[in-house]
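The structure appears below as structure tokens.
The values are calculated or read from the model by the stated rules, or taken from the named source; none is laboratory data. Note that the structure is a prediction, hence the values are computed from the model and not measured. Positions of Cβ are backbone-derived with ideal geometry, glycine not excepted, and every protein chain shown enters the neighbour counts. For accessibility, only protein heavy atoms count, side chains too; no ligands or nucleic acids. Shrake-Rupley method; radii C 1.70, N 1.55, O 1.52, S 1.80 Å.
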Amino acid sequence: QLRLVESGGGLVQAGGSLRLSCAISGAALDSYVIAWFRRVPGGAAREPLSCISGSDGSVFYMDSVRGRFTISRDNAKNTVSLQMDSLKPEDTAEYYCAAGDHPRIPEDYCSGYGNGGWRGYWGPGTQVTVSS
């Protein structure tokens, strides 16, 4: 069974940076697409942010974070990171990583969340708070 654990959340001032990590155990990264999501306070749905292929490293970003967030992977350590720069108060949320094997292309995995056939294992989340 795949297990994911996020770390690196915390409190940061607007304009600052944080680096989140997702440690994955139970399988090798190259079998999955790994994604970062977030859920804002009071929000019902998780919002996809960025996805990366564990096999070839191809990436996709949603418009909300493109240019500010950078996703990367370390297959040797079985971890995926999310570097978050120029943080805004509206980035305050619980951040989650997920890994799945369908769809297999990062853009489809991010954009297809909630559609039939989407599959993923989830971590418990890490809180990010951006103060103004």
Any idea of the accessible area per residue across the range 25-122, 1.4 Å probe, to the nearest Å²? 46
Virtual spin-label span in nm between Arg3 and Arg104, 7 Å along Cα→Cβ: 2.8
Sites Arg119 and Asn75 - FRET efficiency at Förster radius 25 Å, r taken between beta-carbons, to 0.05: 0.75
Taking a label point 7 Å from the Cα of Ala14 along the Cα→Cβ vector, which residues of the range 103-132 have an amide N closer than 18 Å to it? 128-132
Taking the Cα-to-Cβ direction at Glu90 and at Asp56 and moving 7 Å from each Cα, how far apart do the two end points lie in nm? 3.4
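Only Lys, Arg, Asp and Glu count, each charged at its Cβ (+1, +1, -1, -1), so figure out the dipole size of the range 21-132 about its Cα centre, rounded to 20 debye. Before the final figure, lay out the partial values.
On the way: 10 positive and 12 negative charges, 32 e Å.
Rounded to the nearest 20 debye, it is 160 debye.
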Tell me, what % of the accessible area of the range 21-82 is carbon and sulfur with a 1.4 angstrom probe? 49
Once you sort the root eigenvalues of the Cα gyration tensor of the range 1-59 as a ≥ b ≥ c, which label holds: rounded (a/c under 1.5), prolate (a/b larger than b/c) or oblate (the other case)? prolate
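According to the square roots a ≥ b ≥ c of the eigenvalues of the Cα gyration tensor, what is the shape class of the range 31-70, taking rounded for a/c under 1.5, prolate for a/b larger than b/c otherwise, and oblate for the remainder?
Values: a/c = 3.78, a/b = 1.65, b/c = 2.28.
Note, shape of the range 31-70 comes out oblate.
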For the chain, the charge dipole (Cβ of Lys, Arg +1; Cβ of Asp, Glu -1; about the Cα centre) points to a positive end, and the Cα of Leu2, Ile52, Ser64 closest to that extreme belongs to Leu2
Calculated [θ] (222 nm, deg cm²/dmol) that DSSP helices of n ≥ 4 give over the chain, each run adding -39,500 (n - 2.57): -1000 deg cm²/dmol
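Based on DSSP, what percent of beta bridges with both residues in the chain are antiparallel, to the nearest 5?
Details: 38 of 42 bridges.
Given both bridge residues lie in the chain, the antiparallel proportion sits at roughly 90 percent.
May I ask for the net charge around Thr79, where only other residues with Cβ less than 12 Å from the Cβ of Thr79 are counted and Lys, Arg are +1 while Asp, Glu are -1? Could the numbers behind the result be given before it?
Numbers: positive: Arg19, Arg73, Lys77; negative: Glu6, Asp74.
Charge balance in the 12 Å sphere: +1.
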